[in-house]
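Q: There's a structure below that I have some questions on.
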Amino acid sequence: MNTCSSIGIGLAGFGTVGSGVWNTLERTGDLITERTGGAVALHIAKILVRDVAKVRASTSAVDPALLTTDWRQLIEDPAVDIVVELIGGTTDAFEIVAAALKAKKPVVTGNKALLAERGVELFALSREMETPIHFEAAVAGGIPIIRTVQDSFIGNQIQSFSGIINGTSNYILGRMTDAGLTFDVALAEAQALGYAEADPTLDVNGWDAAHKALLLSTLAYGFSIDPAEIHVSGIEQVRPADIHFAKSLGYVVKLLAVIRQKADGAVELRVQPSFIAQTHILASVHGVFNAVAVHGDAAGESLFYGRGAGQDPTASSVVADLVEAARGLRQASGHRGFLPYRESGRILPVEETATAYYVRFDVTDRPGVVAEIARVLADHRIGISGTHSPVNPSNPDAEFVDMVFLLHTCPFGKLQTALSEIAALDCINSAPVVFRIENLG
Ligand code: NAP
Ligand code: HSE
């Protein structure tokens, strides 16, 4: 076996994922070299951190000379051939990625926020510099979904994706359902396990999943998407009562991403807590696991399932990208980042999206409340399939109660109009909470 000279990696970020990359290369570096017939040998040449003095228990001993707090060293050091960005955020990370591309150093990143918010600029720079950005770890952790969409489904018109693409939210919902934990305790567990973002707000408000959904959509439909066009809501409003009510009706609550191309080419793109049937395969995706169902016109339905967050699964995707980037350095393989292949496209306005709904109202408990709400819904021709008022066993005479309505399929815009009228009723104490009831087939 002929072994080429080793390729130097500049690792920006040595937290959960960065140290996972270190460990994975320690464990499997030689195996990678064997499997590539000696074409790829990798070593970490420089590591960017915020604090060089921090004790890093999750890795074997690291030569302190590798550590730096100055990202420019990764760009300027000739020993660094590939830059791996794993610091997160969209400011310093942008500077590092842009500088690496300008220096013609291929980039590997797991930063979906960066690519969703500033990908247009970065992918343009990547094309200009003929230097790729690899981003398998940015969507669904250890599941190789980016490569699958880019390569394996290249001959398919993608009709839809639906899936669970935030491990932290799925973990929290599961722990609230199965162990009766509070939201805050379940979130603290997800953070301790290394699943959550440095700012977990993005996990629980749905935006981490929305960034990933945007990336999948751009790959499938070929045009750049403004994040402001995505309809996003997160799991912060899910209460144990919703989970239990869903269960009693044969559903589970999941944070679901739905991406679907309509007959006129418009793309429906939304992320929200949703009721899905307990019998649907996505209902059995638990804990940190993610699943993405892809419908291609040729392949039909495929399901990709695996760990969606955490140190080792994410490092697995980063290392796969590193090998691809290294192969590209050895032998030009063409640009492999995102190539927009359509000038523009249309995101379906959320008002035009239609599903059935679960709506929870916080009402003052007095006679006639149900009729008042039902009258407004009837005025807007929105059908009701059920109503329910869960009684609080610890306070059966409570003045304020939750009143739940299950509504037939209607356009979301119509529902919004009705809800704004209902919100103005005397008996309504706060903004109604809406979850979708998805019929995933
Ligand atoms: P993390 O544990 O918070 O680690 C961040 C690392 O970056 C730390 O080593 C930190 O240095 C360093 N850092 C942060 N800002 C810096 C700056 N301005 N200058 C220099 N160093 C800086 O984050 P993570 O969970 O590994 O996530 C990293 C990226 O991977 C994020 O984009 C995230 O979205 C993505 N990702 C994470 C997961 C996951 O499961 N965690 C999965 C997929 C993708 P110190 O160590 O000195 O503090
Ligand atoms: N915080 C993210 C999640 C990490 O929980 O899914 C993986 O992208």
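The values are calculated or read from the model by the stated rules, or taken from the named source; none is laboratory data. Worth saying up front: this structure is predicted, and the values here are computed from it rather than measured. Please note: Cβ atoms are built from the backbone with ideal geometry, for glycine as well, and neighbour counts cover all protein chains shown. Just so you know, the surface numbers come from the protein's heavy atoms only, side chains and all, with ligands and any DNA or RNA stripped out. Shrake-Rupley method; radii C 1.70, N 1.55, O 1.52, S 1.80 Å.
Q: May I ask you to say which residue of ASP30, ASP51 is within 16 Å of ligand 1 (Cβ to nearest atom) and either assigned to a loop (DSSP other than H, G, I, E, B) or over 15 Å from VAL84 (Cβ atoms) (or both)?
A: None of the other options fit; the residue is ASP51.
Q: What number of residues in segment 382-403 are modelled with pLDDT of 95 or more, open to solvent by less than 40 Å² (accessible area, probe 1.4 Å) and among the β-branched types (Val, Ile, Thr)?
A: Adding up the residues that qualify gives 1.
Q: Do you know which residues across segment 112-137 are part of a loop (DSSP other than H, G, I, E, B), near ligand 1 (Cβ under 10 Å from one of its atoms) and open to solvent by 10 Å² or more (accessible area, probe 1.4 Å)?
A: Those that are part of a loop (DSSP other than H, G, I, E, B), near ligand 1 (Cβ under 10 Å from one of its atoms) and open to solvent by 10 Å² or more (accessible area, probe 1.4 Å): none in segment 112-137.
Q: Also: Of all residues being more than 11 Å from ligand 1 (Cβ to nearest atom) and in a strand (DSSP E or B) in segment 78-107, which is farthest from SER333 (Cα to Cα)? Just the residue, please.
A: Here the answer is VAL83.
Q: Something else now. Quick one: which of ARG375, ARG360, ARG381 is basic (Lys, Arg), outside the structural domain of SER248 (by TED's automatic domain parsing) and under 28 Å from the mean Cα position of the chain (by Cα)?
A: ARG360
Q: Ok, one more. Looking only at segment 299-335, count every residue that is hydrophobic (A, V, I, L, M, F, W, C) and within 15 Å of ligand 2 (Cβ to nearest atom) and tell me the total.
A: 4
Q: Filter segment 256-270 down to the residues that are open to solvent by less than 10 Å² (accessible area, probe 1.4 Å) and more than 16 Å from ligand 1 (Cβ to nearest atom), then identify the one that is nearest to the chain's Cα centre (by Cα).
A: Selected residue: LEU256.
Q: Residue by residue through segment 151-166, note down the ones that are out of contact with any helix residue (DSSP H, G or I) (no Cβ under 6 Å at 6 or more places or on another chain) and away from ligand 1 (no atom under 16 Å from the Cβ).
A: Across segment 151-166, the qualifying residues are ASP151, SER152, PHE153, ILE154, GLY155, ASN156, GLN157, GLN159, SER160, SER162.
Q: Moving to a separate point now. Tell me, please, whether a residue that is more than 29 Å from ASP242 (Cβ to Cβ) and touching a residue at least 12 places away in the same chain (Cβ under 8 Å) can be found in segment 350-358.
A: No, every residue in segment 350-358 fails to be more than 29 Å from ASP242 (Cβ to Cβ) and touching a residue at least 12 places away in the same chain (Cβ under 8 Å).
Q: Moving to a separate point now. If you go through segment 7-17 one residue at a time, do you hit one that is open to solvent by 30 Å² or more (accessible area, probe 1.4 Å), away from ligand 1 (no atom under 15 Å from the Cβ) and farther than 26 Å from ARG330 by Cα?
A: Just the residues of segment 7-17 that are open to solvent by 30 Å² or more (accessible area, probe 1.4 Å), to begin with: 15-17.
With the extra rule that they be away from ligand 1 (no atom under 15 Å from the Cβ), the set shrinks to none.
Looking for residues that are open to solvent by 30 Å² or more (accessible area, probe 1.4 Å), away from ligand 1 (no atom under 15 Å from the Cβ) and farther than 26 Å from ARG330 by Cα, one finds none in segment 7-17, hence no.
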